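In what follows, a single structure is set out as structure tokens and then discussed.
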There are 2 protein chains.
Amino acid sequence: MLTANYVGNKTMSIIETAPEAPSAEQVQIKVAFTGLCGTDLHVLHGDMDRRVHQPAIIGHEMSGTIAALGSAVQGWDIGDPVTVMPLDWDGTCPACRAGHQHVCQNLNFIGIDSAGSLQQFWNVPASVLVRLPETLRLDHGALVEPVAVAVHDVRRSGLVRGEKVVVIGGGPIGVLIATTAREFGGEVVVVEVDAGRRSAVAGLGFDTIDPRSEDQVEWVNRWTADAGADVVFEVSGSAQAVLHATSLARVRGRLVVVAIHPTPREIDLQRLFWRELTIIGARVYERRDFETAIELLNSSAIPADALITDVVPLTQTAEAFARLESGQAMKILVDCQAGAR
Amino acid sequence: MLTANYVGNKTMSIIETAPEAPSAEQVQIKVAFTGLCGTDLHVLHGDMDRRVHQPAIIGHEMSGTIAALGSAVQGWDIGDPVTVMPLDWDGTCPACRAGHQHVCQNLNFIGIDSAGSLQQFWNVPASVLVRLPETLRLDHGALVEPVAVAVHDVRRSGLVRGEKVVVIGGGPIGVLIATTAREFGGEVVVVEVDAGRRSAVAGLGFDTIDPRSEDQVEWVNRWTADAGADVVFEVSGSAQAVLHATSLARVRGRLVVVAIHPTPREIDLQRLFWRELTIIGARVYERRDFETAIELLNSSAIPADALITDVVPLTQTAEAFARLESGQAMKILVDCQAGAR
């Protein structure tokens, strides 16, 4: 079978290998689609070399069907459509014992810390399987994981129906958060510097702000009758955006930091104090976020087709990463069976 | 009567003036004691000259008895012991309409934006009065306002019984937060660089950490079996403390920023993300915080005598500020009747 491997030096290589039989507690998944995401790009850039053992089969946004069952696996059948919640926790650390297994202090993130889904057949513990409805197309099913990220972010914000929401950053995750927040009853505006992305976001029915030509604070104050936004999601990763994000929020408003900020960022703590704001960290997802994500995709609340820029065969994974890097694609899926030998 | 006035140029002046009769909605308070605090020092330094109209009678931590009633005032009698919650909100701004009057977008903070209690007789709207129990000594009653700050900070943290708490900074507010957190059922350690303050804090029964000789993170990890603290209060105002505070908190832990940070500060957003932390802003207090503060003082849960370094007559207000500035005093009260003519 074919596998797509990160081999260091910013390089992806296709390696042919024989599938292994699943162990007693595992299932073998015939992978249908794997989505490429920003974290995969970080791996490819070498930013995560301390965690990633080369050659590394990466990929963790996926859909597929069960191809084989380990001897101890119960409750699953060959052919069942599935996705994977790629979190393997130890169950014994303080975070796990406190009920926050998804941020286990010794978390194995499958697809980074161990082999991922950019291959034709993938063995995973049965415990990480999530059932997909028969009515959900498998290409859409590969979006469950990133939608679950957005659902988790929105749930962490405490958003309730009727609240006004600013999403800073109109890339793939920003669009998913905006869409999910709207489904949760929020009124949403997206701040985005890139004209092409603003146009795509507007095409999904959202108001947009170009922060280079409009004063965001004035816009939000006008929109909210001088109150400020209930919730602000920082999805841009920009230091300037973080510094100004607090000025968009109302008294007791919430700022959720979604983007990865690898170095410390300046925060306006005077504003945090003055308006009694809350800044919230959010990471990955919990099982219920996956379940909500599946509902949102299965009911077409998430505009999956508008988000999937292209589908390419596994052999073109390297080229797909290059396109993703250029910012010209929202979501590229890899068809892990196309071109199979 | 005597009044203590900020007259600019880092100067306090005693000015003699005639008391005025209260207007219809006001009461006249015969001020017993006024505590001096860090905010008053900021006024004296000229940091708040845009808000403070000179000459300005400052002071907002106080106790007294009612000396005269305006014609429309009901429910109060001459001689009633009182303190003042010095917040006068407009009731119409978005924050007020949302139920957060204490952080009204057009707040009049009495004692900063209008005349305070460093005088023998003080007229205030009856609506800001808070009744003191007959059993509470009036010198202790002057601590209600700073204790209410601490109660508000602890309430904002969501602290529940049995949680582990780190207080960074062992000054007056740090000690009040530590004491209040302990009364709310927390186990508390105080981080403080100054040996004298550490010794005072230890004398109140708290564990202490000297961050210059001990590794705080190791200490907290040992204390919490590698979980991290449930709640961290940043009361030091130090940029370094803010940067490191996030490393003391457990997964889903809360960091309450109590100190005023006038310029933006670097925050470790990677840690915020990794541990799904929450950073919480807290400002002043609400009526229920005053009521809890009175209960805590009246039951001697707050070590009021240990906190009151000295009591001086109104005529020595300038000298008292100089002592406060030197860091050698926890709380100095001004006796607003001593030396009265």
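For this structure, a couple of remarks:
- Förster-model FRET efficiency, 60 Å R0, B:S326 and A:I260, C-beta, rounded to 0.05: 0.85
- Cβ neighbours within 10 Å from other chains - mean over B:101-109: 2
- Estimated FRET transfer efficiency when R0 is 56 angstrom, pair B:L243-A:S127 (beta carbons, to 0.05): 0.90
- Spacing of the two label points (7 Å from each Cα toward its C-beta) at A:L41 and A:D194, in nm: 0.7 nm
- Dipole axis of chain A (+1 Lys, Arg; -1 Asp, Glu on Cβ), positive-most option in A:P303, A:A241, A:W122: A:A241
- Value of [θ]222 nm, deg cm²/dmol, for the protein assembly as shown, DSSP H segments ≥ 4, -39500 (n - 2.57) each, nearest 500: -7500 deg cm²/dmol
- Farthest toward positive dipole pole in the protein assembly as shown [+1 Lys/Arg, -1 Asp/Glu at C-beta], among A:G170, B:P146, B:A318: B:P146
- In this Cβ point-charge picture (+1 for Lys and Arg, -1 for Asp and Glu), the stretch B:147-281 has a dipole of about 340 debye about its Cα centre.
- Globularity index of chain B is 1.01 (Cα radius of gyration / 2.2 N^0.38 Å, N = number of residues).
- Distant-in-sequence amide H partners of B:V167 (H built 1.01 Å from N, under 5 Å): B:V189, B:V190, B:V191, B:F233
- Cα-based convex hull, the protein assembly as shown, per residue volume (Å³, whole number): 168 Å³
- For residues of A:90-99, the mean tally of beta carbons on other chains within 10 Å: 3
- Cross-link partners of B:K164 among lysines, defined as those whose alpha carbon lies under 16 angstrom from its own and excluding same-chain residues fewer than eight positions apart, are absent.
- Inter-chain Cβ neighbour average for residues B:259-265, partner chain, 10 Å: 5
- Full extension of the chain segment joining A:A225 with A:V7 gains 73.1 nm, where the gain is 0.36 nm per residue of separation less the Cα-Cα distance.
- Scoring A:92-100, B:266-274, A:31-39 by mean Cβ neighbours within 10 Å over their residues and listing the highest first yields A:31-39, B:266-274, A:92-100.
- Scoring A:186-194, B:182-190 by mean Cβ neighbours within 10 Å over their residues and listing the highest first yields A:186-194, B:182-190.
- Placing unit charges on each Cβ (+1 for Lys and Arg, -1 for Asp and Glu) gives chain B a dipole about its Cα centre, and among B:V160, B:I209, B:A227 the Cα reaching farthest toward its positive end belongs to B:A227.
- Relative contact order for chain A, counting Cα pairs under 8 Å that sit 6 or more residues apart, in percent: 18 percent
- For the stretch B:147-281, the relative contact order is 22 percent, taking Cα pairs closer than 8 Å that sit 6 or more residues apart in sequence and dividing their mean separation by the residue count.
- Over the stretch A:147-281, all Cα pairs binned in 10 Å intervals from 0 give whole-percent P(r) values of 13, 49, 34, 3, listed from short to long.
- Backbone N within the stretch B:55-96 under 13 Å of label point (7 Å from B:I15 Cα along the Cβ vector): B:55-58
- Counting only aspartates and glutamates at least 8 places from A:K331 when in the same chain, those with an alpha carbon closer than 14 Å to its own are A:D40, A:E61, A:D139, A:E145, A:D305, A:D310, A:E319.
- Rounded to the nearest 20 debye, dipole of the protein assembly as shown from Cβ charges on Lys, Arg, Asp, Glu: 100 debye
- From phi via Karplus (6.51, -1.76, 1.60), per-residue ³J(HN,Hα) for the stretch B:63-69 in Hz, x at Gly/Pro: 9, x, 10, 6, 9, 7, 10
- Label-point separation, A:Q74 to A:N108 (7 Å along Cα→Cβ), nm: 2.3 nm
- For the pair B:D210 and B:H53, a Förster radius of 30 Å applied to the C-beta separation gives a FRET efficiency near 0.10, rounded to the nearest 0.05.
Just so you know, all these numbers are worked out from the coordinates, no wet-lab data involved. A quick note: this is a predicted structure, and the numbers were derived from the prediction, not measured. Note that we place each Cβ from the backbone using ideal geometry, even for glycine, and neighbour counts take in every protein chain shown.
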